[in-house]
1. Every residue in the stretch 1-31 that is small (Gly, Ala, Ser) and either surrounded by 15 or more Cβ atoms within 10 Å (Cβ to Cβ) or assigned to a loop (DSSP other than H, G, I, E, B) (or both), please.
2. Restricting the search to the stretch 8-27, which residues are at pLDDT below 95 and of a type in the set (D, E, K, R)?
3. Do you know which of the residues in the stretch 32-90 that are acidic (Asp, Glu) and in a loop (DSSP other than H, G, I, E, B) is surrounded by the most Cβ atoms within 10 Å (Cβ to Cβ)?
Amino acid sequence: MIEVLLDIKNLTVSFDTSTGPFKAVDGIDITVNKGEVLAIVGESGSGKSVGMLAVMGLLPKTATVTADVMMFDGMDLRTLSDSQRRKIIGRDISMIFQEPVASLNPCFTVGYQLEEVLKQHMVWGLLQAVPALSSFWNWSVSVMRRSV
């Protein structure tokens, strides 16, 4: 049976400007099932980042965010307090922004950086993080011992 992880219906984001409201996102719908990965692509300024920042609750208070449905893993994101939302950001929901150099360090492999996120936010050790990454991304990952 398919389980829905993220369900967004009619997401709209607008910002007040000196000339009136500016609608950055207008009525998008997104459904992501458990086990799926979502990549959002589009032209610069099309609302990709603003839409996902709205879902994560990371827009400034000056933004007006509305949605008919905004559910993540059974939780209504519209009703979460800031502290409840902070608990799931990074642990359950995260994103790599469109400028990967700002999000990913080119001195480290992507796998290493994802491993670090899992270890920090999920309180996992290396031996738990690597199999999780391997199965999620269908990667073959080898573990090197590091001395501290």
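1. Ser14, Ser18, Ala24
2. Matches in the stretch 8-27: Asp16, Lys23, Asp26.
3. That would be Asp73.
The values are calculated or read from the model by the stated rules, or taken from the named source; none is laboratory data. In this text, all values refer to a predicted model and were calculated from it rather than measured experimentally. Don't worry about glycine lacking a Cβ; one is built from the backbone with ideal geometry, like all the others, and counts go over all protein chains shown.
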